[in-house]
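The values are calculated or read from the model by the stated rules, or taken from the named source; none is laboratory data. Being a predicted model, the structure only gives us computed values, none of them experimental. Don't worry about glycine lacking a Cβ; one is built from the backbone with ideal geometry, like all the others, and counts go over all protein chains shown. Each accessible area value is taken on the protein alone, full model and side chains, heavy atoms only, with ligands, DNA and RNA left out. Shrake-Rupley method; radii C 1.70, N 1.55, O 1.52, S 1.80 Å.
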Amino acid sequence: MNNKELHQTFSCHANSMTGASTREWPGRKACVVTTLLLFLTSALTWAQPNGTGTYYQSADGNKGKSLKTALYDIIKSPSVKSYSDLFECYKSTDLRPDGKIWDMYSNITNFDPDKDHSGNYSGEGDMFNREHSFPKSWFGNASPMNSDLFHVIPTDGYVNNRRSNYPFGETNGDSYKSNGGFSKVGSCTTPGYSGTVFEPNDEYKGDFARIYFYMVTCYESKVSSWSSPMLAGNSYPAYTQWAIDMLLRWAANDPVSQKEIDRNNAVYKIQGNRNPYVDYPGLEQYVWGNKTDIAFSYDNYDAEVTPDPEPNPDPEPDPDPDPDPNPDPIEGEQTYVKVTDNSEIQSGAHCLLVYETETKGYALADMISSGKAYSYTSVTISNDQITTEVNADGMPHELLLGGEPGAYTIYDTKSNVYLSLPSSDNALKTAETVTGATEQWTISITDGYADIQNNKYTNRTIRYNSGSPRFACYSSGQQPVSLYKRKATSSIGVIDNDATTNGSCVVYSVDGRRVGVYKNGQTITSGLRKGIYIIGGRKVVVK
């Protein structure tokens, strides 16, 4: 029920409560109305994102250009701090959970917020400084933009220096790459512009897109006089078409994260305004994108933003949905051994996907709220073994390998979905069925690490982002992962000739080849020769 419906409901209720009795008690009607208004105000505040209440109410009903202006009237004139005060502000806006500075330009930094911003930087990781992610030369180094916390962020000083005042864009990094190719500088490969650009990592492209949407909205009255290869010299649309297309794509592929929500709230406490593109995910589509003909409703907002899917130019005519999973339920603790050789990878293997540190491991767990990456849970590693309960709440998800070498499928047995990469970005998604190469992976082991490469987008591999903890797909940078394979039990069971399945059952040979799939109620031994098989991760004998 939206607020309009709430108002109608309670208006009727208020009328029914008044009448003859109200005339006997003159103060009662006023009391009822006051109570209802308080209730409605409370409901309205609760309904808005991040507790914003009526903050965006005046933008209600606007769309496209007029929506941008309405948002400008709400967020303009921030009470910014001085440029010298920003280092202190970062202690509440830009700290990682470990208390270090959250750096979006480098993935190797561990900056102390008090000690590591004064001094020289001769290389990546030396010091951090205050970066105008929207370069100050574009607006003439003028106030209040010069110290607006929404776009002046802490970053590695050396990488920041290499960025210079280049516009954001996409590049192969022919001029410069930070450690692991996390950030890049070089000739632009984005259609519509060919100059030198700076490309941030996939993990933060959405963050920067929403910062850029904020800048031309908050400073709508000034932006037409600014100069940049990304700017159009007007107040709307403010950006050139190539920049709009790219920023919209970045925002869609890298949705709003909890980090951005927390930072938005922290900056609001300091300078008194908010970034509406963080509060309302996908709002940019109502201003520049495919929803400019839809009126914005601040209390009944449609947050769903679906980017146009990239068509598959070479679909597989008859993709193999092997295996048809639903392995037998797993009870209690299981032990997993690290996969160190390609010969240990085989269809039918039950695995954990793990990022290892010197002291512990982080195993793939639940899908995060955005539905485009997997979260993690801590596991203990001892002598390349992990013993843990799986598939329970807060525990690792066990993955079942299917398919064949060069085209494995990876099935999440907790969520009953296949891991999928349906577009060329870092969003690791899921699919209920195998439709082709987007759900198929090439897996190899190098120096103890698992290289899990998507067969459709071969420049993308599953890796772990330690800066914004999650498992996703990356073209460069981020941390390598390892596979841990469920340790085979030493006991061997026996299946009676008339045994039937309780649910689906996948049968494998001892070398991991799929032998058959049996549906609910079918006789398991039907069509099987005498011998040893693997069912539900356990060796069994068919007599």
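Just wondering, is there one or more residues in the stretch 379-396 that are buried (at least 22 other Cβ atoms within 10 Å of the Cβ), in contact with a strand residue (DSSP E or B) (Cβ under 6 Å, 6 or more places away or on another chain) and not β-branched (Val, Ile, Thr)? Yes. Among the residues of the stretch 171-213, the ones that are within 18 Å of the chain's Cα centre (by Cα) and farther than 18 Å from residue 474 by Cα come to 3 in all. A search for C-beta distances below 6 Å between a residue of the stretch 54-66 that is among the acidic types (Asp, Glu) and any residue that is open to solvent by less than 40 Å² (accessible area, probe 1.4 Å), counting only pairs 6+ apart in sequence or on different chains, returns 60/298. Could you please let me know if residue 157 is within 23 Å of residue 116 (Cα to Cα) and surrounded by fewer than 23 Cβ atoms within 10 Å (Cβ to Cβ)? No.
Only one of the numbered conditions (1) under 25 Å from residue 92 (Cα atoms); (2) within 22 Å of the chain's Cα centre (by Cα); (3) not in a helix (DSSP H, G or I) is not met by residue 131, and that is (2). Every listed requirement among (1) part of a loop (DSSP other than H, G, I, E, B); (2) of a type in the set (Gly, Ala, Ser); (3) touching a residue at least 12 places away in the same chain (Cβ under 8 Å) is met by residue 137 save one, (1). From the set of residues in the stretch 361-375 that are part of a strand (DSSP E or B) and touching a Lys or Arg at 6+ places or on another chain (Cβ under 7 Å), which is surrounded by the fewest Cβ atoms within 10 Å (Cβ to Cβ)? Among those that are part of a strand (DSSP E or B) and touching a Lys or Arg at 6+ places or on another chain (Cβ under 7 Å), it is 375. Out of (1) open to solvent by 20 Å² or more (accessible area, probe 1.4 Å); (2) under 28 Å from residue 246 (Cβ atoms); (3) not charged (D, E, K, R), what's the single condition that is false for residue 421? The failed condition is (1). Answer yes or no as to whether residue 342 is under 27 Å from residue 468 (Cβ atoms) and either open to solvent by 50 Å² or more (accessible area, probe 1.4 Å) or modelled with pLDDT under 95 (or both). Taking the combined requirement at face value, the residue does not satisfy it. Contact map, the stretch 173-191: residues that are acidic (Asp, Glu) paired with residues that are open to solvent by less than 20 Å² (accessible area, probe 1.4 Å) and assigned to a strand (DSSP E or B), Cβ distance under 8 Å, separation 6+ or inter-chain. Pairs shown: 174/186.
Number of residues in the stretch 441-456 that are open to solvent by 20 Å² or more (accessible area, probe 1.4 Å) and outside any strand (DSSP E or B): the value is 3.
For the residues 120, 107, the requirement of being over 21 Å from residue 145 (Cα atoms) and in contact (Cβ under 8 Å) with a residue 40 or more places away in the chain singles out 107. For the stretch 209-230, does any single residue satisfy the condition of being outside any loop (DSSP other than H, G, I, E, B), open to solvent by less than 10 Å² (accessible area, probe 1.4 Å) and under 18 Å from residue 189 (Cα atoms)? Checked the stretch 209-230: at least one residue is outside any loop (DSSP other than H, G, I, E, B), open to solvent by less than 10 Å² (accessible area, probe 1.4 Å) and under 18 Å from residue 189 (Cα atoms). Only one of the numbered conditions (1) open to solvent by less than 10 Å² (accessible area, probe 1.4 Å); (2) of a type outside the set (S, T, N, Q); (3) more than 30 Å from residue 75 (Cα to Cα) is violated by residue 177, and that is (1).
Taken over the stretch 77-86, the criterion of being part of a helix (DSSP H, G or I) and either farther than 16 Å from residue 156 by Cα or without any contact (Cβ under 8 Å) to a residue 60 or more places away in the chain (or both) is satisfied by 83, 84, 85. Quick check, is residue 411 among the hydroxyl-bearing types (Ser, Thr, Tyr), open to solvent by less than 20 Å² (accessible area, probe 1.4 Å) and in a strand (DSSP E or B)? Answer is yes for this residue. Just so you know, in the stretch 127-139 the residues that are open to solvent by less than 60 Å² (accessible area, probe 1.4 Å) and not hydrophobic (A, V, I, L, M, F, W, C) include one that is farthest from residue 159 (Cα to Cα), and it is 135.
Among residues belonging to the stretch 87-121 that are part of a helix (DSSP H, G or I) and either open to solvent by 40 Å² or more (accessible area, probe 1.4 Å) or among the acidic types (Asp, Glu) (or both), point out the one that is farthest from residue 469 (Cα to Cα).
The residue in question is 88.
If I filter the stretch 74-86 down to residues being of a type in the set (S, T, N, Q) and either farther than 18 Å from residue 132 by Cα or touching a Gly at 6+ places or on another chain (Cβ under 6 Å) (or both), which single residue comes out as surrounded by the most Cβ atoms within 10 Å (Cβ to Cβ)? Top of the filtered list is 77. Looking only at residues in the stretch 241-277 that are among the β-branched types (Val, Ile, Thr) and either part of a loop (DSSP other than H, G, I, E, B) or at pLDDT 95 or above (or both), the one that is surrounded by the fewest Cβ atoms within 10 Å (Cβ to Cβ) is 270. Residues of the stretch 288-303 that are touching a helix residue (DSSP H, G or I) at 6+ places or on another chain (Cβ under 7 Å), at pLDDT 90 or above and more than 14 Å from residue 71 (Cα to Cα): 289, 291, 292, 294.
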